[in-house]
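**Q** Dumping the structure here so I can ask a few things about it.
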Amino acid sequence: MREVTLVEVGLRDGLQNESRILSTADKKQLAERLIAAGVKELEITSFVHPRWIPQLSDAAELARSLPDLSDVRYRALVPNRKGLERALETPVDEFAVFLSASETHNRKNINKGIRETFPVLEEVVRAALARGKRVRGYVSTVFGCPYEGEVPVANTAEICEGLLKMGVYEISLGDTIGVATPRQVKEKLKALAGTIPVERLAGHFHDTRGTALANAYVSLEMGITTLDSAFGGLGGCPYAPGAAGNVATEDLVYMLEQEGIRTGIDLEALCEAGWLAEKLLGQRLPSKVLQSMAAHCQAKEGNRE
Ligand code: HMG
Ligand code: MG
């Protein structure tokens, strides 16, 4: 493998889980730093209910504030028809629908059972495709559920088949609560390979137990070429108690580039985005590589002031 596509989810998966709500202008500044670092696939927000995720209630305003760049794709989560209507009034390029492989997490997260969710997503995908938008699918709790524990791989396979039939081009498999280990990732991907082409799958690993980087690496060995990550290691799902951040983009970029796998991202520039996020959020972020380069980034910022 020579290159990997990284989907930067920090502005969405990250900020949805922060108690401090950033202003639209601050989010825009973070997005601009990420773009300056070479990020091309940028998940910026969610058109979910503002009462459920108040941190992202400025979704439309943020989407409209970002520069129109031909080589950067802005992505957003869309849970239902109402979300789609809101999203279609903005310049967001690509949408993602989402549901869980476990019933309880699905209900806690989107207030419906898995079966009831299907027609809702089907309608979103059909309407989005008709408007010329690509649609991605997320399946959460593939490797374990905070409420139900183990989740059978058959649940994931059935949901993936349904999503592909609807017309999503790719499905991101979520280790929502960061319980997966490399062996489990291999086993699940092997089991899914019977029905779902690996080219249609992406990996989304949270790092609650420190296994996300290893899981990401193993998923690449299994044929996956797209990984989700969050700058600084931000992230978590407010409806999955105890979930920590995503695999940090900095850590992934460092490891992959050292392994000769291109990411298209400039690590030093990326660290500047993470450092700004630390300032705006008033906390240290968990990315190991970000921390190791912090002094360097701070010196640079100091020079600029
Ligand atoms: P609901 O309350 O069941 O919605 O919420 P409803 O359809 O019954 O509608 C109730 C009211 O909400 C109506 O208004 C709707 O118009 C309005 P009223 O008629 O009463 O005035 N409404 C909306 N307003 C704005 N935007 C909307 C919208 N939809 C309905 N989109 C809903 C259902 C799905 C909206 C809610 O449960 C929700 O917003 N959930 C979002 C949860 C979420 O964002 N979770 C985090 C993202 S998923 C994640 O992090 C996992 C992932 O990272 C992968 C992984 O790690 O595994 C992707
Ligand atoms: Mg997530």
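**Q** Going through Thr90, Thr117 one at a time, which residue ends up being closer than 17 Å to Ala240 by Cβ, surrounded by 15 or more Cβ atoms within 10 Å (Cβ to Cβ), of a type in the set (Ser, Thr, Tyr) and within 14 Å of ligand 1 (Cβ to nearest atom)?
**A** Answer to the check: Thr117.
**Q** When you check Ala87 against the structure, is it touching a residue at least 60 places away in the same chain (Cβ under 8 Å) and either closer than 21 Å to Leu15 by Cβ or in contact with a Lys or Arg (Cβ under 8 Å, 6 or more places away or on another chain) (or both), yes or no?
**A** It is false that Ala87 is touching a residue at least 60 places away in the same chain (Cβ under 8 Å) and either closer than 21 Å to Leu15 by Cβ or in contact with a Lys or Arg (Cβ under 8 Å, 6 or more places away or on another chain) (or both).
**Q** Condition first: more than 16 Å from ligand 2 (Cβ to nearest atom) and basic (Lys, Arg). Can you find one or more residues in segment 245-264 that meet it?
**A** Checked segment 245-264: at least one residue is more than 16 Å from ligand 2 (Cβ to nearest atom) and basic (Lys, Arg).
**Q** Also: Could you list all residues from segment 122-143 that are over 24 Å from Gly235 (Cα atoms) and open to solvent by less than 30 Å² (accessible area, probe 1.4 Å)?
**A** Once the filter is applied, which keeps residues that are over 24 Å from Gly235 (Cα atoms) and open to solvent by less than 30 Å² (accessible area, probe 1.4 Å), segment 122-143 yields Val124, Val125, Ala128.
**Q** Same structure, new question: Search segment 1-26 for residues being within 20 Å of Leu267 (Cα to Cα) and either assigned to a helix (DSSP H, G or I) or open to solvent by less than 20 Å² (accessible area, probe 1.4 Å) (or both), and hand back the single one that is farthest from ligand 2 (Cβ to nearest atom).
**A** Ranking the qualifying residues of segment 1-26, first place goes to Val4.
**Q** Same structure again: On the given criteria, is Glu43 surrounded by fewer than 17 Cβ atoms within 10 Å (Cβ to Cβ) and out of contact with any Leu (no Cβ under 6 Å at 6 or more places or on another chain)?
**A** Spelling it out, it is not the case that Glu43 is surrounded by fewer than 17 Cβ atoms within 10 Å (Cβ to Cβ) and out of contact with any Leu (no Cβ under 6 Å at 6 or more places or on another chain).
**Q** Report, by residue number, each residue of segment 260-297 that is assigned to a loop (DSSP other than H, G, I, E, B), under 21 Å from Ala31 (Cβ atoms) and open to solvent by less than 70 Å² (accessible area, probe 1.4 Å).
**A** Scanning segment 260-297 gives Thr263, Gly264, Ile265, Gly282, Leu285, Ser287, Met293.
**Q** Do we find a residue being among the polar types (S, T, N, Q), away from ligand 1 (no atom under 13 Å from the Cβ) and free of Cβ contacts under 8 Å to residues at least 60 places away in the same chain anywhere in segment 62-71?
**A** yes
**Q** Here is a further query. Looking at segment 148-171, I want the residues that are at pLDDT 95 or above and have a partner that is open to solvent by 70 Å² or more (accessible area, probe 1.4 Å) with Cβ atoms under 7 Å, at least 6 apart or on another chain. Which pairs are those?
**A** Short answer, once both residue conditions are applied: Ala157/Thr195; Glu161/Thr195; Leu164/Arg200; Met166/Glu122; Gly167/Leu129; Tyr169/Arg134; Glu170/Arg200; Ile171/Arg200.
**Q** Hey, another quick one. Pick out the one residue from Ala96, Ala31, Ala36 that is under 19 Å from Val135 (Cα atoms) and either open to solvent by less than 10 Å² (accessible area, probe 1.4 Å) or away from ligand 1 (no atom under 15 Å from the Cβ) (or both).
**A** Numbers: Ala31 fails: under 19 Å from Val135 (Cα atoms); Ala36 fails: under 19 Å from Val135 (Cα atoms).
One residue alone meets the criteria, Ala96.
**Q** Regarding Val39, is this residue closer than 23 Å to Ala202 by Cα, in contact with a strand residue (DSSP E or B) (Cβ under 6 Å, 6 or more places away or on another chain) and not in a loop (DSSP other than H, G, I, E, B)?
**A** Working: closer than 23 Å to Ala202 by Cα: yes; in contact with a strand residue (DSSP E or B) (Cβ under 6 Å, 6 or more places away or on another chain): yes; not in a loop (DSSP other than H, G, I, E, B): no.
Against the criterion (closer than 23 Å to Ala202 by Cα, in contact with a strand residue (DSSP E or B) (Cβ under 6 Å, 6 or more places away or on another chain) and not in a loop (DSSP other than H, G, I, E, B)), Val39 does not qualify.
**Q** Same structure, new question: Going by the conditions given, is Gly178 of a type in the set (Gly, Ala, Ser) and out of contact with any Lys or Arg (no Cβ under 6 Å at 6 or more places or on another chain)?
**A** It is false that Gly178 is of a type in the set (Gly, Ala, Ser) and out of contact with any Lys or Arg (no Cβ under 6 Å at 6 or more places or on another chain).
**Q** With the requirement that a residue be buried (at least 23 other Cβ atoms within 10 Å of the Cβ) and touching a helix residue (DSSP H, G or I) at 6+ places or on another chain (Cβ under 6 Å), what does segment 144-162 give you?
**A** Cys145
**Q** Separate question: Among the listed residues Tyr138, Tyr147, which satisfies the condition of being among the hydroxyl-bearing types (Ser, Thr, Tyr), more than 26 Å from Tyr74 (Cβ to Cβ) and not in a helix (DSSP H, G or I)?
**A** Sole residue among the options that is among the hydroxyl-bearing types (Ser, Thr, Tyr), more than 26 Å from Tyr74 (Cβ to Cβ) and not in a helix (DSSP H, G or I): Tyr147.
**Q** Considering only segment 55-131, give the helices (runs of 4 or more DSSP H) lying wholly within it that have at least 3 residues that are within 16 Å of ligand 2 (Cβ to nearest atom).
**A** Once the helices (runs of 4 or more DSSP H) in segment 55-131 are filtered for at least 3 residues that are within 16 Å of ligand 2 (Cβ to nearest atom), what remains is 103-110.
**Q** Out of (1) part of a helix (DSSP H, G or I); (2) touching a Pro at 6+ places or on another chain (Cβ under 9 Å), the odd one out for Thr156 is which?
**A** Going through the list (1) part of a helix (DSSP H, G or I); (2) touching a Pro at 6+ places or on another chain (Cβ under 9 Å), Thr156 breaks only (2).
The values are calculated or read from the model by the stated rules, or taken from the named source; none is laboratory data. This one's a predicted model, so the numbers in the text were calculated from it and none came from an experiment. Quick reminder, even Gly has a Cβ in these numbers, built from the backbone with ideal geometry, and neighbours come from all protein chains shown. Ligands, DNA and RNA are excluded from the accessible area calculation, which covers all protein heavy atoms including side chains. Shrake-Rupley method; radii C 1.70, N 1.55, O 1.52, S 1.80 Å.
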